[in-house]
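Shown next, in structure tokens, is the structure this report addresses.
The values are calculated or read from the model by the stated rules, or taken from the named source; none is laboratory data. Just so you know, these numbers come straight off a predicted model, no measurement behind them. Every residue, glycine as well, gets a Cβ built from its backbone with ideal geometry; the counts of neighbours run over all protein chains shown. Please note that ligands, DNA and RNA were not included when accessible areas were found on the heavy atoms of the full protein model with its side chains. Shrake-Rupley method; radii C 1.70, N 1.55, O 1.52, S 1.80 Å.
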Amino acid sequence: MKKLMNDPEQIVTGFLEGLVAANREQLQRLEDTDVITRRVLKPQKVGIVSGGGSGHEPAHAGYVGAGMLDAAVAGEVFTSPGADQFLSAIQAVDQGEGVLLLVKNYNGDVMNVEMAQEMAEAEGISTEMVIINDDVAVSDVKQRRGIAGTVLVQKITGALAETGASLKEVKRVAEKTVNQTRSMSVALTPCTLPAVGQPSFDLADEEMEVGIGIHGERGVDRREVVTSEEIAKLLLDHILEEIPEQMPLALLVNGMGSTPLIEQYVLANDTIKQLEKKDRDVQHAFVGEYMTSLDMAGISLTLLALDEELSGYLQAPVQTVQWKQ
Amino acid sequence: MNVEQAKQWLRQTSARLSEHKDELSTLDHALGDGDHGVNMHRGFQAVVEGLDEWEDLSLSSLMQKVGSTLVSKVGGAAGPLYGTAFMRMGAAWKGIEQVNGSAWSEGLSKAVEGIAQRGKTSTGDGTLLDVWSPVAEAFTEGEPSWDNIESAAYKGMEATEEMVVKKGRGALLGEQSVGHIDPGAVSSYYLFQELANTMKAGEQ
């Protein structure tokens, strides 16, 4: 294993400190926590908090800023942060309007957030949780993981909250976005956890793992590596099954950490062409590393079925380290 | 069990988990993301570091403190599950300085209830509950038989190997999860084996 790091057990701290050091005007780290918040909160708005295990950078701290998140909670690599960390984030961003927690669907994340919600409730802070489960690779809907589609939910929800919408309204739109977002991924190489030092699974040179999550867990199918065109088709076939016909689309092509941008755009090109061939209207496309899995090579595709409301919030201004428009 | 024995139990558990850190992570490799050993080691290390600071706590408060430390330092799914279990034991042992007879079964059943609620899980799902639940049942009204408790924990742990995992990332494997022992069940077995060791040493 070769990694740019010092003590592997301090890698998350190093990341958080580095992120704040490089963006002092915009971000701060809450003392004695692994919570990153906006340096200045916009008054009288619902707080938007997300978080989860580290290893998915720029998610989630890279999305803290005007028009998106108020706070991001970072756990150890691939491990949900504890309930106390989520509680610190809730307390920091609540301004009396309540706090919405956007949580990827993993047992640990959901349990810790539920505990934090109970503690916040005891302090008189209203909270709501919306669970993101965009990964169609998992057929049992209850077990579906939250992957790259999460950032689209964060973007849209954050833009709405910025307008001063109520907690109830923000939750409604977050849930609607979740319902209209679907993703699926392939890995070409596994990832290596800094504290473990060995690849998360073995994958032969000529093989790819289809339907992986973002934690180096095994996928649902393993097969020979095929061309970008064929990968685009494979993923689209699964995703489109659950996307209503006619609706315009937003596309997110997400690199998993070690896939060069040149390859990401090749896949984006193939994906857009195939969607156009099916008469699907791709209104917005985003290409880049939005939700990674350490040093995994691979890619995920996400489609979001748009209506006017979602399209408006997707295009709204945003000022975060990672996403600026 | 008095507060000093509880501390001894926690120290021994921490040492045991640290010794088996890689084994637990390797087991987790098959079902999850391969970090159960690292996470449990980190959590119990924080507990042991806290023990000196928590010198004057009652048994009940100590258990609560252990619970909240595990939630905070283990993280993931194991953190809230182990944390809730210790917090519930602490609540059940309020005002009790020495856990005996029925207090054991009361504390352990509350812990089992807590794990089931928090994890929305039941026995047979191939989780740590499959160790905690038979252990709770092995505490009967009288004074505990530590050999029975240890063997209940062992059997519970072994049984997870044959189960189709229904909770956590292992559940994504469906039938393929059969043949893999649950890492949370193994760490729970170590916890109860060290409890038995501590208590047996006290009897001698």
Inset, instruction - Identify all residues within the stretch A:164-191 that are out of contact with any helix residue (DSSP H, G or I) (no Cβ under 8 Å at 6 or more places or on another chain), closer than 23 Å to A:GLU289 by Cβ and open to solvent by 20 Å² or more (accessible area, probe 1.4 Å); write none if there are none. - result: A:LEU188, A:THR189, A:PRO190
Inset, instruction - Could you please find all residues in the stretch A:80-97 being more than 23 Å from A:ILE11 (Cβ to Cβ) and either away from chain B (no Cβ under 14 Å) or in a loop (DSSP other than H, G, I, E, B) (or both)? - result: A:ILE90, A:GLN91, A:ALA92, A:VAL93, A:ASP94, A:GLN95, A:GLY96, A:GLU97
Inset, instruction - Specify which of the listed residues (A:ILE147, A:ILE212) is at pLDDT 95 or above, under 22 Å from A:PHE78 (Cβ atoms) and part of a loop (DSSP other than H, G, I, E, B). - result: A:ILE147
Inset, instruction - Kindly indicate whether B:GLY32 is in contact (Cβ under 8 Å) with a residue 12 or more places away in the chain, crowded, with 21+ Cβ neighbours inside 10 Å and under 15 Å from the mean Cα position of the chain (by Cα). - result: no
Inset, instruction - Report yes if some residue within the stretch A:223-235 is buried (at least 21 other Cβ atoms within 10 Å of the Cβ) and closer than 30 Å to A:GLY75 by Cα; otherwise report no. - result: yes
Legend entry - Number of positions in the stretch A:30-58 that are under 22 Å from B:SER72 (Cβ atoms), under 20 Å from the mean Cα position of the chain (by Cα) and not β-branched (Val, Ile, Thr): 9
Legend entry - Residues of the stretch B:157-183 satisfying the condition of being open to solvent by 10 Å² or more (accessible area, probe 1.4 Å), in a helix (DSSP H, G or I) and within 30 Å of B:LYS7 (Cα to Cα): B:MET157, B:GLU158, B:ALA159
Inset, instruction - Look at the stretch A:99-141 and say how many of its residues are touching a residue at least 60 places away in the same chain (Cβ under 8 Å), more than 14 Å from every other protein chain (Cβ to nearest Cβ) and not in a strand (DSSP E or B). - result: 1
Legend entry - Which numbered condition A:ALA122 misses (of (1) closer than 26 Å to A:LEU87 by Cβ; (2) in contact with a Gly (Cβ under 8 Å, 6 or more places away or on another chain); (3) of a type in the set (Gly, Ala, Ser)): (2)
Inset, instruction - Report the residue count in the stretch B:74-108 for those that are at pLDDT 95 or above, in contact with a Gly (Cβ under 6 Å, 6 or more places away or on another chain) and in a loop (DSSP other than H, G, I, E, B). - result: 1
Inset, instruction - Could you list, in sequence order, all residues of the stretch B:46-76 that are within 24 Å of A:GLY55 (Cβ to Cβ) and among the aliphatic types (A, V, I, L, M)? - result: B:ALA46, B:LEU70, B:VAL71, B:VAL74
Inset, instruction - For the stretch A:284-311, name all the residues that are without any contact (Cβ under 8 Å) to a residue 60 or more places away in the chain and more than 17 Å from A:ASN269 (Cβ to Cβ). - result: A:GLU308
Inset, instruction - Looking for whichever is aliphatic (A, V, I, L, M), open to solvent by less than 70 Å² (accessible area, probe 1.4 Å) and closer than 23 Å to A:ALA59 by Cα here; the options are A:LEU240, A:LEU252, A:LEU275. Which one fits? - result: A:LEU252
Legend entry - Set B:MET1, B:MET40: member being more than 10 Å from every other protein chain (Cβ to nearest Cβ) and over 16 Å from B:VAL186 (Cβ atoms): B:MET1
Inset, instruction - For residues that are more than 14 Å from chain A (Cβ to nearest Cβ) and aliphatic (A, V, I, L, M), scanning just the stretch B:43-72, find the one that is nearest to the chain's Cα centre (by Cα). - result: B:MET63
Inset, instruction - Test A:GLY197 against the criterion of being in contact (Cβ under 8 Å) with a residue 40 or more places away in the chain, small (Gly, Ala, Ser), in a loop (DSSP other than H, G, I, E, B) and more than 23 Å from A:GLY146 (Cα to Cα), and give yes or no. - result: yes
Legend entry - Per-region count, the stretch A:176-198, residues more than 16 Å from the chain's Cα centre (by Cα) and within 14 Å of chain B (Cβ to nearest Cβ): 10
Inset, instruction - Check B:ALA46, B:ALA77 and return the single one that is surrounded by fewer than 24 Cβ atoms within 10 Å (Cβ to Cβ) and aliphatic (A, V, I, L, M). - result: B:ALA46
Inset, instruction - List every residue pair whose Cβ atoms sit under 6 Å apart, with the two residues 6 or more apart in sequence or on different chains, where the first one lies in the stretch A:237-260 and is farther than 10 Å from A:THR302 by Cα and the second, anywhere, is open to solvent by 60 Å² or more (accessible area, probe 1.4 Å) and polar (S, T, N, Q). - result: A:PRO248/A:GLN283
Inset, instruction - Starting from residues that are surrounded by fewer than 23 Cβ atoms within 10 Å (Cβ to Cβ) and among the hydrophobic types (A, V, I, L, M, F, W, C), keep the ones in the stretch A:199-216 and report whichever is nearest to the other protein chains (Cβ to nearest Cβ). - result: A:PHE201
